[in-house]
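The values are calculated or read from the model by the stated rules, or taken from the named source; none is laboratory data. Since we're looking at a predicted model, the values are computed, not measured. FYI the Cβ positions are ideal-geometry reconstructions off the backbone, even for glycines, and counts take in every protein chain you see.
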Amino acid sequence: MGALQDIGNLLIQTFFNLYILALLLRLLLQMAKADFYNPICQFLVKATQPVLKPVRGFIPGIGSIDTATLVVVLLLQIIATTLLVVIQGYPIPNPVSTLIWGALGTVGMVINIYFIAILASIILSWIAPGSYNPTVLLLHQLTEPVMKPFRKILPAMGGLDLSPIFVFITINILQIILNHMAASVGLPVAYVIGI
């Protein structure tokens, strides 16, 4: 039964992670006012529209935040976490716990998205500086709202941008806080999608 549990965990985590990632990227790019004519954005819209369109009919947005997407992400997090816990042979957790676990998983995935996006943009700035590739432009549009406050605080250092270092430190601090919060509500971190 151990191999079947591992296969079930792998399939659940892969499917839910990929779709939640697509939903969160769409949400974050909307909030960053990214270019939605970009081919990657077009793919994200097409991949997520079938699920989001019916939900948007009864959950309105609040300002620039697409609350329908947030609700769908939270529900998918709750379903995935519950499935992972049940596959391991534990009883179905109470709704309050699953809601907290889903929220922690969502925040964890957003943190991971920014970590990977900033790291990728740094690497691409070394490999292909000044590139007009759609991926590079999208990474810049996604990470700029996070990097901008740190760039305002730090002075220019002769062409060196040290703001990513402080963003990474902040991200690591947030990850530590999130892991401790997950442990304090009784969630094994391995079961939260996104952390």
Exercise for the section: Can you tell me which residue within segment 6-51, out of those that are within 11 Å of the chain's Cα centre (by Cα) and free of Cβ contacts under 8 Å to residues at least 40 places away in the same chain, is farthest from T143 (Cα to Cα)? Expected result: L18
Completion exercise
Residue hits (segment 139-169; β-branched (V, I, T) and surrounded by 15 or more Cβ atoms within 10 Å (Cβ to Cβ)) are T143, V146, V167
Fill in the blank from the handout: Over segment 102-128, the set of residues aromatic (F, W, Y) and either modelled with pLDDT under 85 or assigned to a loop (DSSP other than H, G, I, E, B) (or both) is W126
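In segment 1-32, how many residues are assigned to a loop (DSSP other than H, G, I, E, B) and exposed (fewer than 11 other Cβ atoms within 10 Å of the Cβ)?
Residues flagged as assigned to a loop (DSSP other than H, G, I, E, B) and exposed (fewer than 11 other Cβ atoms within 10 Å of the Cβ) within segment 1-32 amount to 1.
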Problem - Selection from segment 34-66 of residues that are loosely packed, with under 11 Cβ neighbours inside 10 Å and part of a loop (DSSP other than H, G, I, E, B) - result: Y37, G57, F58, P60, G63, S64
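Assigned to a helix (DSSP H, G or I) and either more than 18 Å from L21 (Cα to Cα) or not polar (S, T, N, Q) (or both): does that describe S131? I'd like the intermediate steps shown before the answer.
Working: assigned to a helix (DSSP H, G or I): no; either more than 18 Å from L21 (Cα to Cα) or not polar (S, T, N, Q) (or both): yes.
Criteria not met by S131.
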Practice task
Might you let me know whether segment 83-91 holds any residue that is part of a helix (DSSP H, G or I), farther than 19 Å from L21 by Cα and without any contact (Cβ under 8 Å) to a residue 40 or more places away in the chain?
Solution key: yes
Problem - Every residue from segment 118-138 that is within 15 Å of the chain's Cα centre (by Cα) and surrounded by 19 or more Cβ atoms within 10 Å (Cβ to Cβ) - result: I118
